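The values are calculated or read from the model by the stated rules, or taken from the named source; none is laboratory data. If you're wondering where the values come from, they're calculated on a predicted model, not measured in any experiment. In this analysis, Cβ positions are derived from the backbone assuming ideal geometry, glycine residues included, and neighbour counts consider all displayed protein chains.
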Amino acid sequence: MKDGYVFRSTTTADLNGYLAASQPQEWEWLSPERRHEEAWFLGLRLNAGVTVAALEREFGAAMIAPALETAQRLAAGGLLDFDGETAVLTPRGRLLSNEVFQEFLAAPVA
């Protein structure tokens with residue numbers, strides 16, 4: 001990890017293509033902000049949801065503070081169940097999950 005960035009790479013799912021090296025490997029450096037966004041929208045896809053403590057350990061309280069405000073707003077709108085410790089999509093939130101995820105992508109980062 002370099003200055004909070006992590007390296008992510010992928011290869012083809014096609015074994016023959018991988019062995020022949022005909023498919024180029026994809027890679028990118030992920031900023032802490034990008035990883036934080038992904039933690040929210042990937043975590044919300046899980047039945048267990050997103051835990052604030054885990055996010056604070058990984059990103060710090062200052063970085064996640066704006067997203068917590070977003071979670072509170074979405075909870076008030078009936079899209080999340082959020083008790084201050086865990087955020088989980090409601091049934092309505094699951095139906096509108098792309099809109100919910102977009103809110104976390106648009107949230108300012110401290």
> Considering region 15-44 alone, what residues qualify as being within 11 Å of the chain's Cα centre (by Cα) and loosely packed, with under 13 Cβ neighbours inside 10 Å?
Replying inline: Leu42
> How about region 26-65: which of its residues are outside any helix (DSSP H, G or I) and free of Cβ contacts under 8 Å to residues at least 24 places away in the same chain?
Replying inline: Glu26, Trp27, Glu28, Leu46, Gly60
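Kindly indicate which of Arg34, Arg73 is basic (Lys, Arg) and modelled with pLDDT of 95 or more.
Details: Arg34 fails: modelled with pLDDT of 95 or more.
After applying the criteria, what remains is Arg73.
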> In the set Arg35, Arg73, which member is basic (Lys, Arg) and out of contact with any strand residue (DSSP E or B) (no Cβ under 7 Å at 6 or more places or on another chain)?
Replying inline: Arg73
> Which of (1) surrounded by 13 or more Cβ atoms within 10 Å (Cβ to Cβ); (2) under 30 Å from Leu80 (Cα atoms) does Ala53 not meet, given it meets every other one?
Replying inline: (1)
>> I'm trying to understand the selection: among the residues of region 88-108, which are under 19 Å from Glu33 (Cα atoms) and touching a residue at least 40 places away in the same chain (Cβ under 8 Å)?
In response: Val100, Phe101, Phe104, Leu105, Ala107, Pro108
